[in-house]
Amino acid sequence: MPWPGLARRFPVLGYRDFRLLLADRLLAPAAFAFSMVGVSFAVLDATGSTADLSYVLAAQILPALVFALAGGIFADRFAPQRVIVAANLMIAAGEGGFGLLVLLGQPRLWQMIALETLTGAGMAVFYPASQALLPRLVPDHLLQEASAMSRLAMNAAQMAGAAIAGVFVAAAGPGWALATCGIGMLGTVPMLLAIRAPGAKRTEHHNMLRELRDGWSAFASRKWLWVTTLQYSVVLAAWYGAFDVLGPVVARLHLGGAAAWGLITAADAVGLIIGGVIAMRLTVRRPIRFVVLIGATCAISPLALAAPWPLPLICLAAVGLGIAVEIMMVQWTVTMARNVPPDLLARVSAYDVLGSVGAMPLGALLVGPIAAAIRGSATQYGAAVLIVAVSALALIPHEVRAMRSGPAAAPEEEPARALAGV
């Protein structure tokens, strides 16, 4: 087994399949970071329109309304890593095709929307499959360490990718950045196919509608889950419109362009990395209350861009928010895995992502016209107020405030096939 010292310090590294997943979660986010910078500036270079940018980014989110549920069903039926392979191939085709169009000439708006819809379909399929995969690779008592470490790898890769991507877009243009994203996503396929984890054990399969109903029943019966999902539906819609759509516009007009936006994205990733290190050992006693409170802190992003603050201060705010969000995400992932049956986890996660991101396209579509009517700064202040207000409402149910983190299950006998070299 490689890295025996690290494996003693971090027992989760003793699992071959987890190490393969870790390699995938280094390459894929680094590649996708080139898209995060490249798409916005490709659209702005092609059309110069904030409204067009909002349409393209909305197209990336809209497929979640359909494909997240399908991804949840397939990930509960089949090995989740195979579902992630399909998702990554869709992202590679969407971003690689977008890059090719940019390099060959000025892309049309409908072409950009169509390709980002394909990318969005891949992103929607990825999330429920990813949530279902990790608990099948490691025992329960290592789940928090595995979740924190895998997200730490993702965020480190995103930080490096974003920093490089900002300079890369400024030097070579968004077309090459998008092409780089497509190539990188293709590189993840062999790693995922080498993972041996099987699908969840199920005694019978029903038709898709029955499986969707079963997943919905599991989702709706947990108040802490659907209340938090509703909260984040509003929080993410407001945040996405005010930060991800208007943010590149603010960066272009006031902060120095693509390089500045790359620095802000990288600063967020730095915070996520620090948060990941903390999350490996920190257990929050009331995880759902913590999740709701962190949702309220997302208001700092639109506040920082409304004036806007000086670039170093915006980056500092991004670091702080990244720390909080990463600790929150690890607590959320572990709470979901421990409180939802394994054969329902992907479908319940699909309803979670559908509810959480379902309103994001609306936020993206509305923010351009609203900003044109009342100015971007007023729109960002309004988004901040909305985020805080809906988070306060989410704290009303007692179950949200009082639910405690469950203890990890006692260590089970570790299957020999999961260990390195077997």
Problem - Shape call, region 90-155: gyration tensor on alpha carbons, a/c limit 1.5 - result: prolate
Completion exercise
With 0.36 nm assigned to each residue of separation and the Cα-Cα distance removed, LEU395 to ARG281 gains 38.5 nm
Practice task
Please work out the average accessible area per residue across region 12-60, using the 1.4 Å probe convention, and give it in Å².
Solution key: 23
Exercise for the section: Beta carbons within 10 angstrom, averaged per residue: use that to sort the peptides 169-180, 261-272, 381-392, 103-114, highest first. Expected result: 261-272, 169-180, 381-392, 103-114
Exercise for the section: Work from the charge dipole of region 261-346 (Cβ charges, +1 for Lys and Arg, -1 for Asp and Glu, about the Cα centre) and give the residue of PHE290, MET329, ILE274 farthest towards its positive end. Expected result: PHE290
Exercise for the section: Using a 1.4 Å probe over the heavy atoms of the protein chains, calculate the carbon and sulfur portion of the accessible area of region 176-267 as a whole percent. Expected result: 65
Fill in the blank from the handout: Per residue, accessible area of region 224-308 with a 1.4 Å probe, heavy atoms of protein chains only, in Å², comes to 34
Exercise for the section: Pull out the extension gain between ARG375 and LEU100, defined as 0.36 nm times the separation in residues minus the alpha carbon to alpha carbon distance; nm, one decimal. Expected result: 95.6 nm
Problem - Relative frequency of Cα-Cα separations exceeding 26 Å in region 185-302, percent - result: 52
Exercise for the section: Calculate how steeply helix 258-279 sits against the longest principal axis of the alpha-carbon atoms of the chain, using the helix alpha-carbon long axis, and give the answer as 0 to 90 degrees to the nearest 10. Expected result: 20
Fill in the blank from the handout: The relative contact order of region 15-153, taking Cα pairs under 8 Å that sit 6 or more residues apart, comes to a percentage of 36
Problem - Structure-based [θ]222 nm, the chain - -39500 (n - 2.57) summed over DSSP H runs of at least 4, per residue, nearest 500 - result: -25000 deg cm²/dmol
Problem - Charge dipole magnitude, Cβ of K and R +1, D and E -1 - region 81-216, Cα centre, debye nearest 20 - result: 220
Handout entry: Per residue accessible area in Å² of region 317-402, where ligands, DNA and RNA are left out and the probe is 1.4 Å
Key = 37
Problem - Folded to 0 to 90 degrees: helix 50-61 orientation relative to the chain principal axis, Cα - result: 10
Handout entry: Distance between modelled label sites at HIS254 and ARG108, nm, 7 Å Cα→Cβ extension
Key = 3.6
Exercise for the section: Sort 40-47, 142-149 for me by packing, meaning the mean count of neighbouring Cβ atoms within 10 Å per residue, highest on top. Expected result: 142-149, 40-47
Exercise for the section: Might you report the magnitude of the Cβ-based charge dipole of region 147-239 about its Cα centre, with Lys and Arg at +1 and Asp and Glu at -1, to the nearest 20 debye? Expected result: 320
Completion exercise
Once the dipole of region 106-233 is set up from charges on Cβ (+1 Lys and Arg, -1 Asp and Glu), the residue from the list ASN155, MET123, TRP176 lying farthest towards its positive end is MET123
Problem - Mean separation of Cα contacts under 8 Å (6+ apart) over length of the chain, as relative contact order % - result: 28
Problem - Between helix 109-133 and the chain: long-axis angle, C-alpha atoms, 0 to 90°, nearest 10 - result: 20
Exercise for the section: Among THR188, MET112, ALA46, flag the residue with its Cα farthest along the positive direction of the charge dipole of the chain, charges on Cβ as +1 for Lys/Arg and -1 for Asp/Glu. Expected result: THR188
Handout entry: Cα-centre dipole for region 1-124 with unit charges at Cβ (Lys and Arg positive, Asp and Glu negative), debye to 20
Key = 620
Fill in the blank from the handout: Once phi for every residue in region 138-148 is put through the Karplus expression 6.51 cos²θ - 1.76 cosθ + 1.60 (θ = phi - 60°), the whole-Hz ³J(HN,Hα) values, with Gly and Pro written as x, are 9, x, 4, 5, 9, 5, 5, 4, 5, 5, 5
Handout entry: Extension reserve of the ALA172-SER221 stretch, reckoned as 0.36 nm per residue once the Cα distance is removed
Key = 12.5 nm
Handout entry: Amide H contacts under 5 Å for ALA79, placed H, 5+ residues apart
Key = GLY199
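The values are calculated or read from the model by the stated rules, or taken from the named source; none is laboratory data. Predicted model, so just to flag it, every value in this text is computed and none were measured. No Cβ is skipped: glycine too gets one built from the backbone with ideal geometry, and neighbour counts run over all protein chains shown. SASA here: full protein model, heavy atoms, side chains in, ligands and nucleic acids out. Shrake-Rupley method; radii C 1.70, N 1.55, O 1.52, S 1.80 Å.
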